[in-house]
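*Asks:* Pasting a structure below so you can have a look.
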Amino acid sequence: AQKITQTQPGMFVQEKEAVTLDCTYDTSDPSYGLFWYKQPSSGEMIFLIYQGSYDQQNATEGRYSLNFQKARKSANLVISASQLGDSAMYFCAITTSSASKIIFGSGTRLSIRP
Amino acid sequence: SAVISQKPSRDICQRGTSLTIQCQVDSQVTMMFWYRQQPGQSLTLIATANQGSEATYESGFVIDKFPISRPNLTFSTLTVSNMSPEDSSIYLCAIAGQGADTQYFGPGTRLTVL
């Protein structure tokens with residue numbers, strides 16, 4: 001079975017600072033994918049970034065990067081130069097080749113201070 | 001990526017009634033998914049809806065309570081039957097992206113049961 005652990009229920013960060021959201025995972029499947037989603041107060045789930053288990057380089061999408069450390073089974077999200085609009089819930093998730101469904105972590109609520 | 005819409009965006013319903021939520025995609029997709037997000041919680045997969053076959057339900061969810069239709073490759077419905085206040089949640093549909101590396105979500109339906 002797959003599992004995602006997000007140990008930070010909430011974080012406060014000053015605007016323009018970088019922020020790291022922690023995520024660890026557990027799976028016995030050698031082929032898997034890791035995701036980060038953003039959920040603003042409106043409720044929609046916004047896909048941010050994806051990392052495949054066999055990808056050699058860390059994924060990046062604009063201000064978002066995924067710090068993938070396979071041996072540690074961690075997939076932390078790094079947001080550079082945070083903005084007020086980054087305030088939202090952030091979910092880490094995993095899917096494996098043996099299962100089409102995505103398993104979500106409990107989420108981290110990020111609040112950006114002006 | 002595909003555009004996903006859901007109707008209604010929100011609703012307030014009386015206990016004992018049923019609500020049907022619609023999910024429309026602007027392109028044909030093989031797999032569609034229905035998720036529930038209870039207040040303050042993460043997302044939980046209800047079922048996978050495949051065109052031409054019955055939906056596959058996750059543990060804890062049954063067809064009598066959450067019947068799903070998938071009449072074609074662009075549309076699906078989820079019905080929440082005989083509602084109780086515990087069904088108050090955000091219900092989200094999702095589609096598999098190209099290569100099934102990720103899932104993209106609709107805007108969600110915010111349901112309150114009184």
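*Asks:* What is the average number of partner chain Cβ atoms found within 10 Å of a Cβ in A:5-18?
*Replies:* Across the residues of A:5-18, the mean count of other-chain Cβ atoms within 10 Å is 0.
*Asks:* Need one word for the stretch A:17-114: rounded, prolate or oblate. Basis is the Cα gyration tensor (sqrt eigenvalues a ≥ b ≥ c); a/c below 1.5 gives rounded, then a/b vs b/c decides.
*Replies:* Prolate, since a/c reaches 1.5 and a/b exceeds b/c.
*Asks:* Mind checking A:43-56 for the average number of partner chain beta-carbons within 10 Å of each residue's beta-carbon?
*Replies:* Taking all residues of A:43-56 together, the mean is 3.
*Asks:* Show me the ranking of peptides B:42-55, A:50-63 by mean Cβ neighbours inside 10 Å, starting with the highest.
*Replies:* Listed from highest to lowest mean packing, they are B:42-55, A:50-63.
*Asks:* Take every Cα pair under 8 Å in chain A that's 6+ residues apart, average their separations, divide by the length, and report that relative contact order as a whole percent.
*Replies:* 38 percent
*Asks:* Could I ask something else about it? Average projected area of the Cα convex hull of the protein assembly as shown, in nm²?
*Replies:* Here the figure is 12.5 nm², rounded to one decimal.
*Asks:* Place a +1 charge on the Cβ of each Lys and Arg in the protein assembly as shown and a -1 charge on the Cβ of each Asp and Glu, then give the dipole magnitude about the Cα centre in debye, rounded to the nearest 20.
*Replies:* For this selection, approximately 280 debye.
*Asks:* Something else about it: Report Rg (one decimal) and Dmax (nearest whole number) for chain B, counting Cα atoms only, units Å.
*Replies:* According to the Cα coordinates of chain B, Rg and Dmax are 13.2, 41 Å.
*Asks:* Which distance in Å, rounded to a whole number, links the C-alpha centroids of the stretch A:1-56 and the stretch B:12-71?
*Replies:* 24 Å
*Asks:* On to the next question. Hey, with R₀ at 41 Å, roughly what FRET efficiency would A:Ala81 and B:Arg10 work out to, going by the Cβ-Cβ distance, to 0.05?
*Replies:* Once the sixth-power term is evaluated, E becomes 0.75.
*Asks:* A further question on this structure: Cysteines of the protein assembly as shown lacking any other cysteine beta carbon under 4.7 Å?
*Replies:* B:Cys13
*Asks:* A follow-up question, please. Relative contact order for chain B: what percent, with Cα pairs under 8 Å and sequence separation of 6 or more?
*Replies:* So the answer I get is 35 percent.
*Asks:* At R0 = 45 Å, how high is the FRET efficiency between A:Ser74 and B:Leu114 if r is their beta carbon distance? Nearest 0.05 is fine.
*Replies:* The pair A:Ser74/B:Leu114 has a calculated efficiency of 0.55.
Every number here is computed from the coordinates shown, using simple stated rules; none is lab data. Model, not experiment: these values are computed from the prediction. Reconstructed Cβ throughout: ideal geometry from the backbone, glycine too, with neighbour counts over all protein chains shown.
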